[in-house]
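Please read the structure below before turning to the comments.
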């Protein structure tokens with residue numbers, strides 16, 4: 001399928017997002033810097049915004065999830081960009097500075113890379129409001145002395161309950177089966193973290209035949225997992241019996257080099273968290289690395305080996321298609337509604353973190 005055909009098919013199924021875009025006011029004078037995944041499904045909003053006169057600067061929250069053809073298409077519509085697939089860490093950091101040097105009036109992001117940089121430097125100014133769509137980003141910004149209103153849409157029930165709880169796990173296991181040509185039958189699946197993403201990964205793994213074990217360091221969440229009917233175990237014990245290990249925490253280095261060296265030979269490790277370094281693959285310097293199948297990297301040292309899916313990047317979006325179109329339409333409509341709200345209403349809010357108000361997004365569901 002060509003990019004044009006794919007884009008047309010996507011937009012045919014993004015009706016909620018289309019509804020938000022149709023109600024955007026004239027966007028001339030608005031300068032929106034974004035740091036999000038640059039997947040084809042995002043085009044439905046960005047294209048509509050550009051066609052209403054807004055200026056757009058593209059960066060990314062995760063270099064592994066950039067689709068170069070999406071960047072090229074949006075640039076052809078007038079966007080400016082500094083993003084490409086698998087850009088280096090230094091190029092990525094440089095792109096964030098370029099986005100702020102562009103002097104945005106508003107920011108829309110996942111992970112607070114722009115917001116954190118903006119508030120940690122006296123060089124940048126002029127941002128009137130921003131929108132954040134991840135738990136890790138909200139946590140980061142909450143610790144700062146914010147100089148403008150920041151609207152949190154990650155904690156909306158419609159975002160948490162749909163994307164976090166259902167879509168991440170479902171799309172991750174679909175990508176797993178497509179890439180490995182294996183099912184989860186007879187496999188012990190260890191889920192690290194029992195937040196909403198971990199809960200969804202566990203439920204989907206069971207529906208696909210996996211034997212699920214939950215490893216969670218929060219006693220209350222461990223208790224919740226037990227009451228949900230899952231086997232629970234300490235992480236150090238759980239990984240030694242795993243056939244598949246999934247990190248779903250948003251915490252860097254949760255699966256460290258010692259744990260990786262103790263995996264059974266042939267274990268798969270997969271990350272579905274927002275950050276790409278939940279699995280400390282960079283520490284496995286003694287291991288020989290080879291891509292044995294697309295997006296499947298074998299790490300081998302002597303007789304010991306394991307497989308790192310997408311080399312530790314967010315697997316469901318790096319190696320798969322991410323959310324279904326109908327589900328992502330809800331998430332993108334929420335984000336677009338948040339952008340619309342901060343364009344029109346942010347001057348009525350004090351500096352600091354605010355949950356995106358009901359009236360900003362509920363009319364579009």
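The values are calculated or read from the model by the stated rules, or taken from the named source; none is laboratory data. Everything quoted here is computed from the prediction, not taken from an experiment. Positions of Cβ are generated from backbone atoms using ideal geometry, with glycine treated the same way; all protein chains shown enter the neighbour counts.
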All-but-one check, residue 159 against (1) more than 23 Å from residue 362 (Cβ to Cβ); (2) at pLDDT below 95, failing number (1)
Looking only at helices (runs of 4 or more DSSP H) that fall completely inside the stretch 182-266, which ones have 1 or more residues that are under 22 Å from the mean Cα position of the chain (by Cα) and crowded, with 23+ Cβ neighbours inside 10 Å? 196-207
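Looking only at the stretch 19-45, how many residues end up being without any contact (Cβ under 8 Å) to a residue 40 or more places away in the chain and either closer than 21 Å to residue 100 by Cβ or touching a helix residue (DSSP H, G or I) at 6+ places or on another chain (Cβ under 7 Å) (or both)?
2
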So, in the stretch 271-295, of the ones that are buried (at least 18 other Cβ atoms within 10 Å of the Cβ) and assigned to a strand (DSSP E or B), which residue ends up nearest to the chain's Cα centre (by Cα)? 271
With the first residue restricted to the stretch 197-208 and required to be at negative phi, and the second required to be surrounded by fewer than 18 Cβ atoms within 10 Å (Cβ to Cβ) and outside any helix (DSSP H, G or I), Cβ contacts under 7 Å at 6 or more apart or on different chains are 208/183
Being in a helix (DSSP H, G or I) and either touching a helix residue (DSSP H, G or I) at 6+ places or on another chain (Cβ under 9 Å) or free of Cβ contacts under 8 Å to residues at least 12 places away in the same chain (or both) is the filter here, so list the residues in the stretch 347-365 that pass it. 348, 358, 359, 360, 361, 362, 363, 364
Output the residues belonging to the stretch 172-181 that are in contact with a helix residue (DSSP H, G or I) (Cβ under 7 Å, 6 or more places away or on another chain) and either without any contact (Cβ under 8 Å) to a residue 60 or more places away in the chain or surrounded by fewer than 19 Cβ atoms within 10 Å (Cβ to Cβ) (or both). 173
Within the stretch 55-66, does at least one residue satisfy the condition of being surrounded by fewer than 21 Cβ atoms within 10 Å (Cβ to Cβ), within 29 Å of residue 10 (Cβ to Cβ) and at pLDDT 95 or above? yes
Would you confirm whether any residue within the stretch 334-346 is in contact with a helix residue (DSSP H, G or I) (Cβ under 6 Å, 6 or more places away or on another chain), more than 16 Å from residue 129 (Cα to Cα), part of a helix (DSSP H, G or I) and not assigned by TED's automatic domain parsing to the domain that holds residue 279? yes
